[in-house]
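S.K.: First the structure, which I've put down as structure tokens, then a few questions once you've had a look.
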Amino acid sequence: MNSTQLVIALTKGRILDEVLPLFEQANIVPAENINESRKLIFDTNLENVKLMVIRGSDVPTYVQFGSADMGVVGKDLLLEYGDEGFYEPLDLKIAECRLMTAEPVGSTPVQGRLKVATKFTNIAKKYFAEQGKQIELIKLNGALELAPSMGLADSIVDIVDTGKTLVANGLEPRELIAHISSRVIVNKASMKIKNALIREILGRLREAVEKMVESR
Ligand code: PRP
């Protein structure tokens with residue numbers, strides 16, 4: 001890869017809606033409307049910076065292997081899949097939410113092994129082990145909120161933002177596992193080889209985050 005070219009992998013979906021205004025504030029602007037395009041990689045107003053838009057769970061992989069130099073990804077995915085293979089220099093303070101356990105409203109503690117449904121299996125395993133609780137883990141890929149009412153699980157571990165999804169499914173938040181927000185991650189070799197450019201981008205983003213936080 002050209003050492004003066006910088007590729008930044010962004011997480012599509014909810015994070016993208018918040019990250020694009022922040023990048024604009026940092027004067028990193030895609031050359032075309034990302035939301036109206038089927039393309040996956042975009043030029044920007046900076047001739048040596050490109051933006052990729054991929055699934056959040058693939059961002060750490062691209063960054064770890066250096067196909068992308070930098071990435072923006074939720075802390076939930078970093079906690080789930082590991083945050084060892086790259087640097088994590090900046091909290092963008094966007095897409096803030098909580099990773100929580102949730103159970104049916106008013107339900108009493110389960111006797112014996114708790115059945116926990118989640119897509120965050122590594123986080124759940126670690127969390128309940130730290131609590132000294134034995135659980136039976138049920139891996140799901142989505143619509144976790146349905147699992148308790150369908151008798152599949154006693155508890156779920158999921159992202160809670162407004163809490164509306166829990167309420168709509170007869171659940172209530174119980175234990176806070178972690179505060180989540182979007183983080184910038186950087187490939188370790190890129191940090192050395194493309195240091196000046198990466199510092200420049202990090203500096204711009206840091207300023208944009210400060211402005212955003214001030215205006216809240
Ligand atoms: C997350 C999470 C909940 C919902 C919570 O899903 O899994 O379903 O958001 O938000 P709320 O507290 O504001 O109701 P998301 O929409 O990110 O999609 P996902 O199922 O692909 O994770």
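Laboratory data are not the source of any read-out in this text; all were calculated from the coordinates shown. Source: prediction; values computed, not measured. We place every Cβ from the backbone using ideal geometry, glycine too, and count neighbours over all the protein chains shown.
S.K.: What is the Cα centroid distance between segment 37-78 and segment 80-105, reported in whole angstrom?
M.R.: First find each Cα centre; the distance between them is then 17 Å.
S.K.: Taking amide hydrogens as modeled 1.01 Å from N in the peptide plane, which residues meet the under 5 Å criterion relative to Glu172, leaving out close sequence neighbours?
M.R.: So Glu172 has HN proximity to Glu103, Val105.
S.K.: Next question. Based on the Cβ-Cβ distance of Ile41 and Asp91, what FRET efficiency does E = 1/(1 + (r/R0)^6) give at R0 = 25 Å, to the nearest 0.05?
M.R.: Working: r = 25 Å, r/R0 = 1.02.
E(calc), rounded to 0.05, equals 0.45.
S.K.: Can you compute the charge dipole magnitude of the chain about its Cα centre, using +1 on each Lys and Arg Cβ and -1 on each Asp and Glu Cβ, nothing else charged? Give it in debye, rounded to the nearest 20.
M.R.: 400
S.K.: Further question: Just want the answer: with Cβ charges of +1 for Lys and Arg and -1 for Asp and Glu, which residue in Gly170, Leu40, Val105 is farthest toward the dipole's positive end in the chain?
M.R.: Value: Leu40.
S.K.: To the nearest 20 debye, what is the magnitude of the charge dipole of segment 1-82 about its Cα centre, counting +1 on the Cβ of each Lys and Arg and -1 on the Cβ of each Asp and Glu?
M.R.: On the way: 7 positive and 11 negative charges, 39 e Å.
I would put it at about 180 debye.
S.K.: Give the calculated FRET efficiency between Leu146 and Ala31 to the nearest 0.05, with a Förster radius of 35 Å applied to their Cβ-Cβ distance.
M.R.: For Leu146 and Ala31, the calculated efficiency is 0.30.
S.K.: Per residue of segment 169-185, what does 6.51 cos²θ - 1.76 cosθ + 1.60 with θ = phi - 60° give for ³J(HN,Hα)? Whole Hz please, x for Gly and Pro, Karplus curve as stated.
M.R.: 10, x, 10, 10, x, 10, 10, 7, 9, 6, 7, 10, 7, 7, 10, 8, 10
S.K.: Treating the Cα atoms of segment 1-92 as identical point scatterers in vacuum, please give the log10 of the normalised Debye intensity I(q)/I(0) at q = 0.19, 0.23, 0.26 Å⁻¹, two decimals.
M.R.: With no solvent term, the Cα-only Debye profile gives -0.89, -1.29, -1.56.
S.K.: Quick one: 3J(HN,Hα) in Hz for segment 200-215, Karplus 6.51/-1.76/1.60 with θ = phi - 60°, rounded, Gly and Pro as x.
M.R.: 4, 5, 4, x, 4, 5, 4, 4, 4, 5, 4, 4, 4, 5, 4, 7
S.K.: Compute the long axis of helix 121-130 from its Cα atoms, compare it with the longest principal axis of the Cα atoms of the chain, and write down the angle in degrees, 0 to 90, nearest 10.
M.R.: 60
S.K.: List the longest stretch of the chain that has no exposed loop site; here a site is one of the GluC sites (Glu not before Pro) assigned by DSSP to anything other than H, G, I, E or B, with at most 16 other Cβ within 10 Å.
M.R.: Counting at most 16 other Cβ atoms within 10 Å as exposed, the longest clean stretch of the chain is 97-216.
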